[in-house]
């Protein structure tokens, strides 16, 4: 059985992206999903 896995990381910087831990986590999460979305768009365009 072959198993593929991926790791995604979002990066947020203090104080540019937020002043609290929760704000930094939210910003990192948002950036991670935005980057994943752009990656899959490029991958789909390259395959098409």
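Readers should treat all values here as calculations from the given coordinates under stated rules, not as data from a laboratory. Just so we're clear, the structure is a prediction, and the values are computed from it rather than from any experiment.
A few points about this structure:
- The chain - percent relative contact order, Cα under 8 Å, separation 6 or more: 33 percent
- Between the Cα long axis of helix 21-47 and the first principal axis of the chain there is an angle of about 20°, rounded to the nearest 10.
- Over all distinct Cα-Cα pairs of the chain, the Kirkwood formula returns a hydrodynamic radius of 12.4 Å.
- Computed [θ] at 222 nm, helices only, for the chain once each DSSP H run of length n ≥ 4 contributes -39500 (n - 2.57): -20000 deg cm²/dmol
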